[in-house]
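Worksheet: one structure, shown below.
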Amino acid sequence: MEPGRTIEEPKLTIDLVPRRFWRSSLARALPPVQWADCRAWAFDQADERCTVCGSVTGLQCDEVWSFEEWVEGPMRVLTGLRALCYPCHAVKHFGRTLHRGDADAAVKHLMRVNGWSRREVHVHISAAFAVFDQRNQVSWAGTDLTWLRDTLGIDATLS
């Protein structure tokens, strides 16, 4: 953190998905009509705005996951859906963005949204990759989609 700045919860963070769950998403698993219902719900909840920066253009539906210890073992748990603009979504999935060669735009967006310096962004990126490395050491027991069933009435399974 820069001298003289207070500690605040950042508006936008990087959430790297463990390798075990790459290419495992609701968008891929659900029939198109059900994914459209998910998107419509998320956009409606957000009043057709990005939930992070407020942009009204390029909205995408982002799955919100927590990674928890259950009796059955470590689980990936769906905790919600949210509307994100393309730049915020690119930050959330920074690993994919890095792979696509668009990291500089994501870094600039992260700096702007959070009011961070380039140094603060790089500290955050390092911390996000440390969490990613830890999560990749875990033998995940599975995925819980109870939220999806309880909130939108959609029964689904993901590997």
Sequence of Leu84, Leu26, Leu152 once ranked by neighbouring C-beta atoms within 10 Å, starting from the fewest: Leu152, Leu26, Leu84
Where in segment 9-116 are there trypsin sites (Lys or Arg not before Pro) that are in a DSSP coil and have at most 16 other Cβ atoms within 10 angstrom of their Cβ? Lys11, Arg23, Arg49, Arg100
Would you mind telling me the antiparallel percentage of the DSSP bridges in segment 19-148, rounded to 5? 80
Let me know the longest stretch in the chain that avoids all GluC sites (Glu not before Pro) found in a DSSP loop with at most 12 other C-beta atoms within 10 Å. 73-159
Assuming a viscosity of 0.890 mPa s and a temperature of 25 °C, what translational diffusion coefficient in µm² per second does Stokes-Einstein assign to segment 3-82, Rh being the Kirkwood radius over Cα pairs? 165
Using the Cα atoms as the points, what is the convex hull volume per residue of the chain in Å³? 130
Relative to the first principal axis of the alpha-carbon coordinates of the chain, what is the inclination of helix 32-45, with its axis defined by its Cα atoms, in degrees from 0 to 90 and to the nearest 10? 50
Per DSSP H run of n ≥ 4, the term is -39500 (n - 2.57); total these for the chain, divide by its residue number, and report the mean residue ellipticity at 222 nm rounded to 500 deg cm²/dmol. -12500 deg cm²/dmol
Cut-off is 10 Å between beta-carbons; in what order do Ser126, Ser66 appear when sorted fewest neighbours first? Ser126, Ser66
Which angle between 0 and 90 degrees, to the nearest 10, do you get for helix 118-135 versus the longest principal axis of the chain when only C-alpha atoms count? 30
Amide proton proximity set for Cys53, modelled H, under 5 Å, gap of 5+: Cys85
Fewest-first sequence of Ile14, Ile154 by Cβ atoms within 10 Å of each Cβ: Ile154, Ile14
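Laboratory data are not the source of any read-out in this text; all were calculated from the coordinates shown. As the structure is a prediction and not an experimental result, all values here were calculated from the model. Glycine also receives a Cβ, built like all others from the backbone with ideal geometry; neighbour counts cover every protein chain displayed.
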